[in-house]
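The values are calculated or read from the model by the stated rules, or taken from the named source; none is laboratory data. Remember, it's a predicted structure, so these values are computed and weren't measured experimentally. Neighbour counts are summed over all protein chains in view; Cβ atoms, including those assigned to glycine, are modelled from backbone coordinates with ideal geometry.
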Amino acid sequence: MNALITTALLGVVLMFTGLFVKNKQQIKYIAILGALLAFVANIVDLQTISGGGSKVLFGMLEVSHFSILFNAIAIGATLLYFILCGSAFEKVGEHVADYFALIFFILAGITMTGAFSNLLILFISIEILSIPQYILAGADKQNLKSNEASLKYFLMGSFSTGILLMGIALIYGATGTFNVTEMALGTGELNPMALIGITLLGFALSFKVSAAPFHFWTPDVYDGSPTVFTAFMATVVKAAGFIAFLRLFHVTFNGGNMSSHWQLVLAIITAATLIIGNFTAVFQISVKRMLAYSSIAQAGFMLFGVISLNQLAVQGIMLYAIAYSVGTIGIFAILLKMKDYTFDGFNGLAKKQPFVACVATIFLMSLAGIPLTAGFFAKYLVLSAAIQQGNLLWLVIIAVLCAAVSAYYYFRVIIAMYFKQGDANVENVTPGFKVALFVTAAIVIILGIFPGLLLQLI
Amino acid sequence: MDLQLILFILLSAVAIISALGVVFSKNPVSSVLCLIVTFIAIAGHYILLNAQFLAVVHIIVYTGAIMVLFLFVIMLMNLNADIEPQKRNWMKYAGVISGGVMFLVLLAAVRDANMPALSTTSTDIGLIENLGKTLFTTYVVPFEISSILFLSAMVGAVIIGKKD
């Protein structure tokens, strides 16, 4: 709850900073300080928990170890993002302070995704994290592709919001309550209206996390938006969507034999997401667009956490959220400093910038799921959760095959950097940037060797 | 047959016919006019369900404000059949099939569903007094949090609208 209040207030503070602070570097430092403050405020919340979790604010939010850990991951990843990519904000447009403010508002929405215990809060949090994204996607006003991305995202997002609301309304009609624990959908015979509501909610959330066949907006939006904002949209926000998905389907739609109604549908969505995401990523020329498809492919793996329905899945999705967010933010931070976004643009980077090429390799290996990186244990946990669940073995086999395919397009970048001739270069790599990259890579490696450090916190 | 049932059938018929009119009419202006009729008929349904305040808001906001906006946009864009983009046939069929399947599923669900939330005993449940009480007691938190949503939307409108 502290995290929600601090991030919302910080959004207002950053808004006014633009009025009083003219130096854009200083605005970035204020935002970094703000993110640190929100991180600490979130940790302080640990004192208020008694037992499994405590309901606050008229029972609308439930503060638990789960929600605090996810808030810490989201705010921590945002902090890294500010440090690594914050300087690129001023290249997008004039309103740097407002962009930071919008990101804090998105964070305010994100802090509720792990804690909601009322469907109204779910709806509001999904909206708070969507609407600023539509604006950030169109922040580069002179660029037609950015305008297209914003409009496309806005229209498709509005439709999916409508579907989400329709689902909530049908579930309310069937149960008479918005409270996710009071609903008790699992006991007794299931009302057909509730079943349609669950299906519609599943579709709307699949759209928000860009699962196939609701993924068509993703490549265009991620490719058209300013790269610095794509880095945020594709990582922290997407992880938040999964946390909302997980919480809703584990807490509310899990009692009795409920899961038999939706598990197969979600399993098919997962298989489609894995196959479409991985196989389309193979054919991309631009690294930015490849990362957009790879975010669809990674969404397929995170969906395993939603359908597996056990404690291992919850741990897996947490580790996945941090491994994927940190790795992708790191890659985007390096991409932001490149002139050419194609695979050829990376040719020969290792000779000019050996350190940058080395950390880029670590991030890419983590995304591909190579051992000794956080990505490996994240994939291992979500897949073993699915095996533990029992009847999803066919899906696990598809996932392993797709992971092998994904190694191909991630390694294309590594091969371009190390084994091809070219004069790729990264501009203005400051020592501070190198230190930040080193810390980010260290997180990936440490969590890849000692994943227990994070998992024991849940 | 009591009065309520007759009213319900009448309103439903008006709503369905005018909704079909929205889809099938070639002229965008008559589409909008049909939509207004649909909204008024649905407002009548709200009154039958004891949601008087919702009915009034529905008429003021949707039929009043939003539809006027729609008409202005259509007039400013000067739409007519010549410049309407051609849609491919298979897209039309795909739309009809998926929409029809959704309709069938919803119909099948509503047919044997029971709705515990609907209370017809008290007549003043939809009055503004009760709504206000609920909004400022049980649902005060979502109500306050939505201010963040509006603030971020306003910041966005300024960013996008301002000249650089």
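With respect to the conditions (1) within 14 Å of chain B (Cβ to nearest Cβ); (2) over 18 Å from A:Leu136 (Cβ atoms); (3) not in a helix (DSSP H, G or I), A:Leu4 falls short on a single one, namely (3).
Inspect segment A:334-354 for any residue being in a loop (DSSP other than H, G, I, E, B), touching a Lys or Arg at 6+ places or on another chain (Cβ under 7 Å) and among the small types (Gly, Ala, Ser) and give the result as yes or no.
Of all residues in segment A:334-354, those in a loop (DSSP other than H, G, I, E, B) come to A:337-341, A:347-348, A:353.
After this cut, where a residue has to be touching a Lys or Arg at 6+ places or on another chain (Cβ under 7 Å) as well, the list is A:341, A:347-348.
Those left that are additionally among the small types (Gly, Ala, Ser): A:348.
Yes.
Would you be able to say whether some residue in segment B:37-50 is more than 25 Å from B:Asp124 (Cα to Cα), aliphatic (A, V, I, L, M), assigned by TED's automatic domain parsing to the domain that holds B:Leu71 and under 12 Å from the mean Cα position of the chain (by Cα)? Scanning segment B:37-50 turns up at least one residue that is more than 25 Å from B:Asp124 (Cα to Cα), aliphatic (A, V, I, L, M), assigned by TED's automatic domain parsing to the domain that holds B:Leu71 and under 12 Å from the mean Cα position of the chain (by Cα).
Cβ-Cβ contacts under 6 Å between residues 6 or more apart (or on different chains), taken from a first residue in segment A:35-61 that is within 16 Å of A:Ile121 (Cβ to Cβ) to a second residue that is at pLDDT 85 or above and in a helix (DSSP H, G or I), are listed as A:Leu57/B:Val141; A:Phe58/B:Val141; A:Met60/A:Ile121; A:Met60/B:Val141. Look at (1) surrounded by fewer than 19 Cβ atoms within 10 Å (Cβ to Cβ); (2) within 21 Å of the chain's Cα centre (by Cα) and you find that A:Lys434 fails only one, number (2). Taken across segment A:302-321, residues that are assigned to a loop (DSSP other than H, G, I, E, B) and more than 16 Å from the chain's Cα centre (by Cα) do occur, with at least one present. Considering segment B:137-164, and only residues there that are more than 25 Å from the chain's Cα centre (by Cα) and of a type outside the set (Val, Ile, Thr), the residue that is nearest to the other protein chains (Cβ to nearest Cβ) turns out to be B:Gly156.
Inside segment A:87-110, can you point out the residues that are among the acidic types (Asp, Glu) and either without any contact (Cβ under 8 Å) to a residue 60 or more places away in the chain or more than 22 Å from A:Asn147 (Cβ to Cβ) (or both)? It would help to see each step written out before you state the result.
We begin by selecting, within segment A:87-110, every residue among the acidic types (Asp, Glu); these are A:90, A:94, A:98.
Scanning segment A:87-110 gives a single hit, A:Glu94.
Can you tell me which residue in segment A:22-53 is farthest from the other protein chains (Cβ to nearest Cβ), limited to those that are assigned to a loop (DSSP other than H, G, I, E, B) and within 16 Å of A:Gly93 (Cα to Cα)? Per the criteria, the residue is A:Asn23.
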